[in-house]
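First up is the structure itself, then whatever we jot down about it.
The values are calculated or read from the model by the stated rules, or taken from the named source; none is laboratory data. In this text, all values refer to a predicted model and were calculated from it rather than measured experimentally. For neighbour counting, all protein chains shown are included, and Cβ atoms are generated from backbone atoms with ideal geometry for every residue, glycine included. Protein only, heavy atoms only, side chains kept; ligands, DNA and RNA dropped before computing areas. Shrake-Rupley method; radii C 1.70, N 1.55, O 1.52, S 1.80 Å.
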Amino acid sequence: MLDPHPDLTKAVITGLGWLYLILFVMNAFWTWRSYHKDGAVRLPRYFGGTEAPVAAFWAIYAALLLMLSIAHFTNTSDPEHFLVRLPLGFKNAVDRFIANPSVYFAVSVAVFVAVLTGRRWFAKPTSGWIVLNAALLFLAISMTDWDFRQIVGKPDNVPIVGMLFLVGYFTWLYLHRAVENDDRVAAGRPVREAEHNEKVLVWPDLVYTELICMIAISAVLIFWGI
């Protein structure tokens, strides 16, 4: 008897393959960026204590994503035995411990405090990129669960999922700018907003421009309506 609610189907596996391929392309560009900006790090003594470019680690990660994408495109014959899927134990643990409203609220507050306390680390571009990759990988693996997929895949919920990523991005951007302004003030320089101030007066500049746009769009709509 066929399962009416399968966790994985051929279409789901292929769709996740495209998601991993997009992640590969993103991290390939990030590897190129890291090669030109991030320099090198010294490896532990166990690995010889030599220096290795940071871009090498991103290149390895990008290669793993490419192999994962190829595996999704080529291994769709038996979805029930597909290895890259959400562990049932992890799902049960989240449902039992994290999904409790009191625990979820406490964990959210703790994470928020940790982000504010360690904002200098979190505000770095590399840190933000790591968090973005972790969130996308978590989303991709969670999509292998039928219940999760039905929730996030509803048309009304898709914008909410997008807004979660936008909230994370603008939170990172705010902290990045805040740390930059702290450094500017400490060095006796004006804040970023004051140095690149392109503000215009609402009257007459902004209102005059809006009036012209309103007349032009109204004329187009009237012509279109006729």
Normalised contact order of the chain, rounded percent, pairs of Cα under 8 Å and 6 or more residues apart:
19 percent
When the chain is fully extended, how far beyond the present Cα-Cα distance does A110 get from V207, taking 0.36 nm per residue of separation?
30.4 nm
Show which lysines lie in cross-link reach of K154 when reach means a straight Cα distance below 23 angstrom and same-chain residues fewer than eight apart are skipped.
K10, K91
For the stretch 1-118, what is the accessible area per residue in Å², given a 1.4 Å probe and the full set of protein chains?
71 Å²
If you project the alpha carbons of the stretch 124-199 onto their three principal axes, what span does each projection cover, largest first, in Å?
55, 27, 12
Sticking with the crude label model, points 7 Å out along Cα→Cβ, report the distance from W32 to N100 in nm, one decimal please.
4.9 nm
Given the protein chains as shown and a 1.4 Å probe, how many square angstrom of D183 are accessible, to the nearest 10?
70 Å²
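Leaving ligands, DNA and RNA out of it, report the carbon-plus-sulfur percent of the accessible area of the stretch 1-102 at a 1.4 Å probe. If you can, show how the numbers build up before the last one.
Values: 4930 of 7180 Å².
Using a 1.4 Å probe with all protein chains present, the stretch 1-102 comes out at 69 percent carbon and sulfur.
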Roughly to the nearest percent, how much of the accessible area of the stretch 150-210 is carbon and sulfur, given a 1.4 Å probe?
65 percent
Between K124 and residues 5 or more places away or on another chain, the pairs with built amide H atoms under 5 Å apart involve none
In nanometres, the difference between 0.36 nm per residue of separation and the alpha-carbon distance of H81 and F57 is 5.6 nm
Report the percentage of all Cα-Cα pairs in the stretch 26-105 whose separation exceeds 23 Å, rounded to a whole percent.
56 percent
Using a 7 Å offset from the Cα along the Cα-to-Cβ direction at both A216 and I70, what is the distance between the two label points in nm, to one decimal?
5.1 nm
Approximate shape of the chain as ellipsoid semi-axes (Cα gyration tensor, √5λ), whole Å, largest first
38, 31, 21
